[in-house]
1. Tell me, which helices (runs of 4 or more DSSP H) lie completely within the stretch B:85-191 with 2 or more residues that are out of contact with any Cys (no Cβ under 7 Å at 6 or more places or on another chain) and more than 10 Å from chain A (Cβ to nearest Cβ)?
2. If you go through the stretch B:26-43 one residue at a time, do you hit one that is crowded, with 21+ Cβ neighbours inside 10 Å, free of Cβ contacts under 8 Å to residues at least 40 places away in the same chain, within 9 Å of another protein chain (Cβ to nearest Cβ) and not in a strand (DSSP E or B)?
3. Could you please find all residues in the stretch A:207-245 being buried (at least 24 other Cβ atoms within 10 Å of the Cβ), assigned to a helix (DSSP H, G or I) and among the small types (Gly, Ala, Ser)?
4. Let me confirm something: among B:ALA79, B:ALA90, B:ALA46, B:ALA75, which residue is crowded, with 24+ Cβ neighbours inside 10 Å and more than 19 Å from the chain's Cα centre (by Cα)?
5. Which residues, counting only those in the stretch A:1-53, are under 22 Å from A:ARG239 (Cβ atoms) and among the polar types (S, T, N, Q)?
6. Sort out for me the helices (runs of 4 or more DSSP H) sitting completely within the stretch A:54-135 that have 1 or more residues that are over 29 Å from A:GLN10 (Cα atoms).
7. Hey, any hits in the stretch A:259-279 for a residue that's modelled with pLDDT of 95 or more and within 14 Å of chain B (Cβ to nearest Cβ)?
8. Suppose we keep only residues that are under 18 Å from B:SER105 (Cβ atoms) and not aliphatic (A, V, I, L, M) within the stretch A:132-161. Which one would you say is farthest from the other protein chains (Cβ to nearest Cβ)?
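The values are calculated or read from the model by the stated rules, or taken from the named source; none is laboratory data. Computed from a predicted model, the values in this text were never measured in an experiment. Quick reminder, even Gly has a Cβ in these numbers, built from the backbone with ideal geometry, and neighbours come from all protein chains shown.
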Amino acid sequence: MKIAKELKFQFLKTMVTIRCFEEKAKELYLAGKIRGTVHLSTGMEAVATGACSSLNPDDYMNSTHRGHGHCIAKGVGLREIMAEIMGRATGVCQGRGGTMHMFDVAHGVMGTIGIVGGGIPIATGLGLGIQQLGLGRVALCFLGDGASNEGAFHEAVNLGAVWRLPVVYVLENNLVGDTTPLREVVLIDDLADRAKSYGIPGVIADGNDVLDVYAKVSAAVRRARSGDGPTLIECKTYRWEGHQIGDPCVYRTKEEVEQWKKKCPIKRLKTHLMREKLLTEKRYEAIVAASQAEVDQAAAFAMDSPEPDPQTVLDYVY
Amino acid sequence: MRTVTYIEALREGLEEELRRDERVFLLGEDIGPHGGVFGATRGLLAKYGPTRVRQTPISEAAIVGAACGASMIGAIPVAEIMYFDHIAVAMDQVAGEIAKIRYMSNGQVRLPLVIRTQGGGGRGKGPQHSSSIEAWFFHCPGLKIVMPATPYDVKGLIKTAIRDDGPVLFLENAILYNTKGEVPDEEYLIPLGRAEIKRQGTDLTIVAVSAMVLRALDAAQELEKMGISAEVIDVRSLIPLDIECIVESVKKTSRALVVHEAWRRGGVGAELAAQITERAFDYLDAPVGRVGGLEVPSPYAESLERQVIPNPAAIVKQAKELCNIFE
């Protein structure tokens, strides 16, 4: 697939922004500025970026407890995400959802969902609504390798398939579910093979190659939009950080992490662009500096924002 | 006015809403050519086609989750769960997602969906097909719950539920499906959150839920012969709850008895009893009584099952005790 160089630069900027954001979130958490816990997607930037970039602004996306990168790639403001993570009134959900439960309807983000697998039937439902109302849109669902063992995955993907709903199920296989390696809980190597049992295409993408993710998700989005139904795209990737901040990662070796860091998606695109003589080190550093500045501003904005008015606690139950 | 059965009244309500608003659609198991295992959707597929009447795989979590997602972007799904017991398969979608999404999104979406199901026993369906588990959902902020007991109420309430911003759990009881009642020819709606006094009385307030409304009315007739005048209130709507109607009645009668088919322990009667006590303590001449299902998984054999569901005699016995008449 021919990808315009402007788009490649957009990919680079988005991935760098996600990387800076996640590192900032980690820093703030360790400084005691964030309640609860945070699930970082450091190292998985290419999946979020390649997948969301294949969507139109009014297409829908839903995601998981590890959803910061997905939201950034879908166009949600950094300030609003950071403020939500910090439980402020200026967050996308006015602090009600926090890091795991972010909704931004204006950008088509129909929820990052904290229950593993909980968002998959909802994504099928978004596809159903699109079909019922003739909206011509597509719903993209991010899910993890762990979620593909949930009953809800089976039910929801099958239903999406049978009704040919305009959904793309993007499975981020980072080889582990919480602290349990994938190889201990499935007998197969490629989760995309599960698509066969639903009669839909199962595609494998290199989850650390944003151009590959973009090409394959775009094809699936076109297929969905044309009425041919869903696709399951397994993006093979890896998270550099633990399941949540503070996870001692007893389930994997430092060597394994280092091996995967060598496949850094940002470094790979950077190398590609430099080889194509489209990018210089200087320009790259400027991109990083700009993203870092945006992230720093988002953090300052969030820290300066008030908590939600206690009087609002009963709002929107119904 | 016409006399129709509960299931006919329900079907009329569903059809009228399908006709009125093209965003409304039905989904569920066997609701297509078969018309639903209880006939709730009979004839609707032929009239409205397979995109308005969508027959699903046996996939409760997907059915409910699909209703959730579709409603978030403006469709109006009415999902059928065949037996109340089956809703456990979809528990996360109901209680973990649907109940919470409007709140945790800070009001960014509405979920104008209805989940219809039927619970209750007495027809030999056995332990896994006889439950009345409204209490599980009564506990969830974010859900609305209605339990109509008559043809008139089921039609008026299903239309309101479908038009409501939702989400609504619409709980029927199959034992009511063939009961008959009158419905107007012209369109009518019943608001959510309104109980109804089905029988006026002065000595005792019986608050009944779903099929127990009919048992309570039978019990009231028996009680009348004994000189006890029972007022029977049909709760109709658990959330929003019309506690004012109930409390006003208790202030008049000074005695209250809650009756539901669901297991007595932790049933909605416990909450009603607590609220009545809080609000009408000075008016009560006796503790609030509760008649509920025997606390067993509903057995199949009739000699066992008939002990599980409250009958008019059980209601009469409790009522007499509240009136200080002991056998």
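1. B:134-138, B:151-163
2. no
3. A:ALA220, A:ALA224
4. B:ALA75
5. A:THR14, A:THR17, A:THR37, A:SER41, A:THR42, A:THR49, A:SER53
6. Where helices (runs of 4 or more DSSP H) fall fully within the stretch A:54-135 and carry at least 1 residues being over 29 Å from A:GLN10 (Cα atoms), they are A:119-133.
7. The answer is no; no qualifying residue exists.
8. Taking the candidates together, the pick is A:PHE142.
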